[in-house]
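Accompanying notes for the structure given below.
The values are calculated or read from the model by the stated rules, or taken from the named source; none is laboratory data. None of these values were measured; they are calculated from a predicted model. Heads up, the Cβs are rebuilt from the backbone with ideal geometry, glycines too, and the neighbour counts pull from every protein chain shown.
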């Protein structure tokens, strides 16, 4: 009876020894030999997945003998796979090739607000400026807009002129000309005495009252003044403007352009 029990037990244990358990392990590294931590490792035909540890090592255990396809992937590196036949514990190492990424530059900038943006602003077109342009400095053309107060040392709006928006003086008003900061680097003020009759060359202006979209530093605390000069025209043009004022003041401006030539050039 005892011999019979031993025979039955041996018969039950034989299948367990017949199905041997093995493991596949290895290291994933780059071409410089550095370990790739967190690389994804997959047994393609089994659906098993694993990740490499801090040393770049992965491991699959309790695998029956057979054929396997090991696939390794890592961000920024080419995916690699290897076929392996497992009849014992097997080591499969990988060396991944780094990929070259060529991407366009990303430029984030904002000096003007969109139509539905949550800012208080006023847009002035070229025609709006022409109605008030009498040869005075640019701040005087903005005198009729909300929250704007201008001053002039000479009293005529020519020469040293000052501007305040919502009570903030020129050192807290950020001024950009075609996106380029116009504020003085030392005092943060803006001066128009060396830009006579700038308004004749301006296409449009946006006034942002209060803190707006400007990214040009402390000058944007009180307001922002974004000036855009005229650009090329599609057709040829020539303009001559003469203005006569009190105190024997004259303003003469001439502008001309070729328009777009062969859809490529303009002067």
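Quick one: which residue in 157, 219 is modelled with pLDDT under 85, in a loop (DSSP other than H, G, I, E, B), buried (at least 17 other Cβ atoms within 10 Å of the Cβ) and touching a helix residue (DSSP H, G or I) at 6+ places or on another chain (Cβ under 8 Å)? Please lay out each step first, then the result.
Details: 219 fails: in a loop (DSSP other than H, G, I, E, B).
Every option except 157 fails the conditions.
Those residues that are in contact (Cβ under 8 Å) with a residue 24 or more places away in the chain and under 38 Å from the mean Cα position of the chain (by Cα), I need them from region 224-254; list them, please.
Correct list: 224, 225, 226, 227, 228, 229, 230, 231, 232, 233, 234, 235.
Filter region 71-89 down to the residues that are without any contact (Cβ under 8 Å) to a residue 24 or more places away in the chain and within 19 Å of residue 37 (Cα to Cα), then identify the one that is farthest from the chain's Cα centre (by Cα).
Within region 71-89, the subset without any contact (Cβ under 8 Å) to a residue 24 or more places away in the chain is 75, 78-80, 82-83, 85.
If we keep only those that are within 19 Å of residue 37 (Cα to Cα) as well, we get 75, 78-80.
Working: 75: 22, 78: 27, 79: 29, 80: 33 Å.
Going through the qualifying residues, I end up with 80.
Among the residues that make up region 122-139, is at least one of them over 28 Å from residue 240 (Cα atoms) and either surrounded by 14 or more Cβ atoms within 10 Å (Cβ to Cβ) or within 32 Å of the chain's Cα centre (by Cα) (or both)? Even if it seems obvious, please write down each step before you answer.
Residues of region 122-139 that are over 28 Å from residue 240 (Cα atoms), as a first pass: 122.
Restricting the remaining residues to those that are either surrounded by 14 or more Cβ atoms within 10 Å (Cβ to Cβ) or within 32 Å of the chain's Cα centre (by Cα) (or both) gives 122.
Yes: region 122-139 contains one or more residues that are over 28 Å from residue 240 (Cα atoms) and either surrounded by 14 or more Cβ atoms within 10 Å (Cβ to Cβ) or within 32 Å of the chain's Cα centre (by Cα) (or both).
For region 33-70, how many residues are in contact (Cβ under 8 Å) with a residue 40 or more places away in the chain and touching a strand residue (DSSP E or B) at 6+ places or on another chain (Cβ under 7 Å)?
Final tally of qualifying residues: 7.
Does region 163-200 hold any residues that are at pLDDT below 85, surrounded by fewer than 21 Cβ atoms within 10 Å (Cβ to Cβ) and closer than 27 Å to residue 250 by Cα, and which are they?
191, 193, 194, 195, 196, 197, 198, 200 - these are the residues of region 163-200 that are at pLDDT below 85, surrounded by fewer than 21 Cβ atoms within 10 Å (Cβ to Cβ) and closer than 27 Å to residue 250 by Cα.
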